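The values are calculated or read from the model by the stated rules, or taken from the named source; none is laboratory data. Remember, predicted model here, so these are calculated numbers, not experimental data. Virtual Cβ from ideal backbone geometry, glycine too; neighbours counted across all protein chains shown.
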Amino acid sequence: MRIRPRRPELPGNDAEAALLRTRAADLAHGTTEIEPEEEVLSAAMFSVGEEIYAIPLEHLRAAIPLTAVTPIPQAPPHVIGIVRFRGQAVTVLSFAAIFGVGGWRVDPGVLVVLEGPDGRLIAIDCEHIPRAVTLPLAPIAMARSARTGAVVELALPDIGRVMLLDDLGPLFGAFGRGA
Amino acid sequence: MVVDPSLAEPLALFVVETEGYARTANEVLLALERGEGDLAKRHQQLARLLHTLKGTAATFGLTGLAEAAHRMESAVDMAREAQSPLPAPLADALLKCLDGFVATVRACTAGREEPPFPPALLAALGSSRPRRASIPPPPPPTPSTGERKPAEAPELATWPVGADDIAGFTREIERLRDLHLRIDTRARELARILDGAEALLAAPKLRPLRGRLAELRSGLTADGEETFEAIAALENGVKRICTLPVRTVLDPLHRAVRDLCRGAGKRARLSIVGGDAVLDRRLLDALRGPLVQLVRNAVDHGVEPPEVRRAAAKDPEAQLVITVAQRGNLVLLEVADDGAGLDRAALGAVALGSGLVTRERLDAMTPAEIDRLVFYPGLSTRAEVSEVSGRGIGLDVVLGEVRNLDGSIDVATTPGQGTRFAIHIPMEIGSSWLLVVTAATGVYGVPLAGVETVVAARDEAMRVGRRHMSLEYQETLIPILDLGWLLGQRERKAPAAAQPLLIVQADGRRIALAVDQIVGEQDLVVRALPPELRALPEWQGAATLARGDFLLVLRPEWMVSQDARAEQVVTRRVLVVDDSVTARALHRSVLESGGYTVHGVPSGEGALAQLADAAYDAVISDVAMAPGELDGLELLARIRATSSLAHLPVILVSVSEERELRTRALALGADAYLTKKDCASGRLLGELAAVLSRRRAG
């Protein structure tokens, strides 16, 4: 049996292919909104109900369809279950339950796998695949100096209110407590 | 002489080989000293081992080591020629020389001078070499039974494998498993498409295409099966590399017992039961120290001198027994001796004198609590410190090392008769036979080692009361516990006639576990849950099924401990119906924060089954469900059409904001309709409270 290295799966139709080409070109040439010398933070942005959250891209390992999550009876309510990721069991957490977010637009159908500082992996549920964005560092630095918790609240001109999860501690330390 | 700098890597392999040869040589020497087995064969084996060590050392230019091996060979010449047992002083000297050989090899570094072999060891070898007259005569030959002895299998070459290699193999196996899952999924998808297009492909022009597609489907299925077999073979191979028989760690303890007894003037024989059990090498390495300490402790403290044993009408040779057993993913190691037992009075006195306990506390302690004082640091009943004991350090270190392995250790003693230490350690690698069962909406594994038998529920054998249910089993009454109830998925209910009851036993207790169905038995590799979830007492771990799904494995010790579980304080019960596992988790989180007991089901049919068995105060159901399943509106209609459920409060929840859907839901009898966007914590709880309040008032 010969095993070939995996290749990225190509889009199934022309419209998707065109969209990906456009996005690739944008990334290659950069956006026009950010000044060349402005420092930015790459982040993954997603909505939860009415709120928009962002997580630094460096922590993101994968976004996978929410399939085959095995619920764990008697686990705390913010634990959805475990999922298989690259051969290992990864804990799946309810982002909304941990951060006390109310309401959702669609049932979360995506799992975002995050890696913590010690190499631990966890997955959080999302309503959709997060969008890769760049956030200007200046307002982030200002907000960090005023923050009291793991979340930094930003007011960005084109996007609006964004909650930047600057510290993944609450996610990795979510056990033993609920929302 | 300087070791060639280019030999760094081969030298590392030589260290590993030498350690292996020395372990074997130790066993052979002990057998030759005891005069056990075929002495001619043992001498030949020893000669071959020493010769190999000599030759390999010479190849590396390690002339000092080669000379030491040569001197060891010469020392046994006489006994080998006579095919006789080795005298004890010679065996002593050879064993110490072997230890020195291994230590010197380990100290060798490529590019540096060869370390000198300790001359004192060689001198002892020379002085212990017996004169011909002192060599005991060989034992009389045993008459031939006429049986042909099997030919000796040739020794195979070995390759050392590092931990990084194993991690790499394991990752590749998991990649292959994912590949197998993709092949399997695509094969099933192709089968679905072919079935769906059967009518289209029936046209005569398309028959060749249909035939080709059918071949592709068969081929893909066969590839999936072959991949699965290859994965299983690789996994077994890695398991064989990663695990060793426990005997590899236990056999060297024969030497330890022998040396300790010689030093203390005592006699003891070590027996090993269950030494063929196979465990993770890392676990064996970690257990080596504690086992040595327990054996040393047994000889030094437990075993009496021969004359004392004779006076007590005991065999002058004490018996030490190490027992290894595997129970699911737990390994049990016991070290037992038939010595004097723990001196509780002395233990108590030392603990009191050192300020560890007060007089009042000591007087209140049970014998078992006094026995556990041996694990306290600094506690020793020895007046003098010896090489072996007296500092009170050993057993507290054992306790610490066992706890580092997430294990536990117990001690039991009978004065005058002996002491037993029992270590329980969970294993990470190893497969277990599991009984796969269903309960409520889940499928679970129960370690077969914890299942005594399975019986079918019979009315005449059950005693069902208001708070407790019992089964008459082997002339005793044992509690009946429903697995669905234990896992918080439904209310407690009496087993139906012929419902399977698993007699689960652990920690000396038994329960009858009621499950919905027994799926079958499987031998699966059970791995620990992610670190965040390992503290959950219910779960031993999770096994991976053929399709990549997880099978949660229950812990028998937890199940039997639930027999005294108090009836929960009655709270209002809500049934959540939603095919989305994340939505069910969100609803549960919100509702439990409001003090409700929540059960969740993924389908309308499941909800109706649950409602038929238990009473709920309200139902919260999604409108959209999986294709082919009852949707929320249909479920609502069925509830309203059932006389016993007609007045049950039902709240429908949906992602849709269409007014028409809301109108339809309310017309069908929904008490409230919320969009999921509205399901902020306060809103849902507020709406539910309002509905319940209206129902009560109505």
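Okay, residues lined up against (1) at pLDDT 90 or above; (2) at negative phi; (3) not in a helix (DSSP H, G or I):
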residue: B:ALA615; (1), (2), (3): no, yes, yes
residue: B:SER621; (1), (2), (3): yes, yes, yes
residue: B:MET625; (1), (2), (3): no, yes, yes
residue: B:ALA637; (1), (2), (3): yes, yes, no
residue: B:LEU666; (1), (2), (3): yes, yes, no
Sole residue being at pLDDT 85 or above and among the hydrophobic types (A, V, I, L, M, F, W, C), chosen from A:ILE34, A:ILE3, A:ILE98, A:ILE55: A:ILE55
Selection count where residues are closer than 26 Å to B:GLN326 by Cβ and in contact with a helix residue (DSSP H, G or I) (Cβ under 9 Å, 6 or more places away or on another chain), scope the range B:440-464: 7
Test: residue in the range A:86-93 that is buried (at least 23 other Cβ atoms within 10 Å of the Cβ), more than 7 Å from chain B (Cβ to nearest Cβ) and part of a strand (DSSP E or B): yes
Identity of the residue in the range B:570-609, in contact with a Leu (Cβ under 6 Å, 6 or more places away or on another chain) and in contact (Cβ under 8 Å) with a residue 60 or more places away in the chain, that ends up farthest from the other protein chains (Cβ to nearest Cβ): B:VAL574
Residue that is farthest from the other protein chains (Cβ to nearest Cβ), among those in the range B:650-667 that are more than 47 Å from the chain's Cα centre (by Cα) and crowded, with 17+ Cβ neighbours inside 10 Å: B:ALA665
Output for the range B:9-53, where each listed residue is aliphatic (A, V, I, L, M), closer than 18 Å to B:PRO85 by Cβ and in contact (Cβ under 8 Å) with a residue 12 or more places away in the chain: B:ALA25, B:VAL28, B:LEU29, B:LEU30, B:LEU32, B:LEU39, B:ALA40, B:LEU46, B:ALA47, B:LEU49, B:LEU50
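Between A:ASP166, A:ASP158, A:ASP118, which is touching a helix residue (DSSP H, G or I) at 6+ places or on another chain (Cβ under 8 Å), of a type in the set (D, E, K, R) and farther than 19 Å from B:VAL590 by Cβ?
Numbers: A:ASP158 fails: touching a helix residue (DSSP H, G or I) at 6+ places or on another chain (Cβ under 8 Å); A:ASP118 fails: touching a helix residue (DSSP H, G or I) at 6+ places or on another chain (Cβ under 8 Å).
Result of the check over A:ASP166, A:ASP158, A:ASP118: A:ASP166.
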Filter result (at the interface with another protein chain (Cβ under 9 Å from one of its Cβ atoms) and modelled with pLDDT under 85) within the range A:59-85: A:LEU66, A:ALA68
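Could you look through the range B:541-556, keep only residues that are modelled with pLDDT under 85 and touching a helix residue (DSSP H, G or I) at 6+ places or on another chain (Cβ under 8 Å), and pick out the one that is surrounded by the fewest Cβ atoms within 10 Å (Cβ to Cβ)? Give the steps one after another, and end with the answer.
Here is the first cut: in the range B:541-556, the ones modelled with pLDDT under 85 are B:544-549.
The next check asks that each one be touching a helix residue (DSSP H, G or I) at 6+ places or on another chain (Cβ under 8 Å); those that pass are B:544, B:546-548.
Values: B:THR544: 18, B:ALA546: 14, B:ARG547: 11, B:GLY548: 16.
Ranking the candidates gives B:ARG547 first.
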Only listed residue being surrounded by 17 or more Cβ atoms within 10 Å (Cβ to Cβ) and within 14 Å of another protein chain (Cβ to nearest Cβ), chosen from B:LEU630, B:LEU645, B:LEU684: B:LEU684
Qualifying residue in the range A:115-124 (condition: over 16 Å from the mean Cα position of the chain (by Cα) and buried (at least 19 other Cβ atoms within 10 Å of the Cβ)): no
Some residue of the range B:311-318 being touching a Lys or Arg at 6+ places or on another chain (Cβ under 7 Å), assigned to a strand (DSSP E or B) and either aliphatic (A, V, I, L, M) or buried (at least 20 other Cβ atoms within 10 Å of the Cβ) (or both): yes
Hits in the range B:47-91 (condition: among the polar types (S, T, N, Q) and closer than 23 Å to B:ALA110 by Cα): B:THR52, B:THR56, B:THR59, B:THR63
Leading residue by the ranking (surrounded by the fewest Cβ atoms within 10 Å (Cβ to Cβ)) among those in the range B:319-356 that are more than 25 Å from B:TYR376 (Cα to Cα) and touching a helix residue (DSSP H, G or I) at 6+ places or on another chain (Cβ under 7 Å): B:ARG327
Residue selected from the range A:107-156 under the condition within 16 Å of A:LEU41 (Cβ to Cβ) and assigned to a loop (DSSP other than H, G, I, E, B), by the criterion modelled with the lowest pLDDT: A:ARG147
Answer from B:ARG282, B:ARG359 - the residue that is charged (D, E, K, R), at pLDDT 85 or above and surrounded by fewer than 21 Cβ atoms within 10 Å (Cβ to Cβ): B:ARG359
Among (1) assigned to a helix (DSSP H, G or I); (2) surrounded by 14 or more Cβ atoms within 10 Å (Cβ to Cβ), the one test that B:PHE117 misses: (1)
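Filter the range B:558-569 down to the residues that are at pLDDT below 80 and either in a loop (DSSP other than H, G, I, E, B) or at the interface with another protein chain (Cβ under 10 Å from one of its Cβ atoms) (or both) and list them by number. Let's see the steps before the verdict.
Going through the range B:558-569, the residues at pLDDT below 80 turn out to be B:563-569.
Answer for the range B:558-569, where residues must be at pLDDT below 80 and either in a loop (DSSP other than H, G, I, E, B) or at the interface with another protein chain (Cβ under 10 Å from one of its Cβ atoms) (or both): B:ARG565, B:ALA566, B:GLU567, B:GLN568, B:VAL569.
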Residue match in the range B:536-557 (condition: away from every other protein chain (no Cβ under 14 Å) and more than 30 Å from B:LEU635 (Cα to Cα)): yes
Test: B:LEU206 is surrounded by fewer than 17 Cβ atoms within 10 Å (Cβ to Cβ), in contact with a Lys or Arg (Cβ under 7 Å, 6 or more places away or on another chain) and without any contact (Cβ under 8 Å) to a residue 24 or more places away in the chain: no
Flag for B:LEU260 being of a type outside the set (Val, Ile, Thr), in contact (Cβ under 8 Å) with a residue 60 or more places away in the chain, in contact with a Lys or Arg (Cβ under 8 Å, 6 or more places away or on another chain) and more than 20 Å from B:ARG240 (Cβ to Cβ): yes
Criterion violated by B:ALA268 - all others in (1) more than 28 Å from the chain's Cα centre (by Cα); (2) surrounded by fewer than 16 Cβ atoms within 10 Å (Cβ to Cβ); (3) closer than 30 Å to B:ALA31 by Cα satisfied: (2)
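Could you go through the range B:51-60 and let me know if any residue there is within 21 Å of B:PRO119 (Cβ to Cβ) and not in a helix (DSSP H, G or I). Don't jump to the end; show me each part of the working.
Filtering the range B:51-60 down to residues within 21 Å of B:PRO119 (Cβ to Cβ) leaves B:53-54, B:57-58, B:60.
With the extra rule that they be not in a helix (DSSP H, G or I), the set shrinks to B:60.
Yes - at least one qualifying residue is present in the range B:51-60.
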Out of B:ALA93, B:ALA68, B:ALA107, B:ALA47, sole residue that is closer than 28 Å to B:VAL161 by Cα and buried (at least 16 other Cβ atoms within 10 Å of the Cβ): B:ALA47
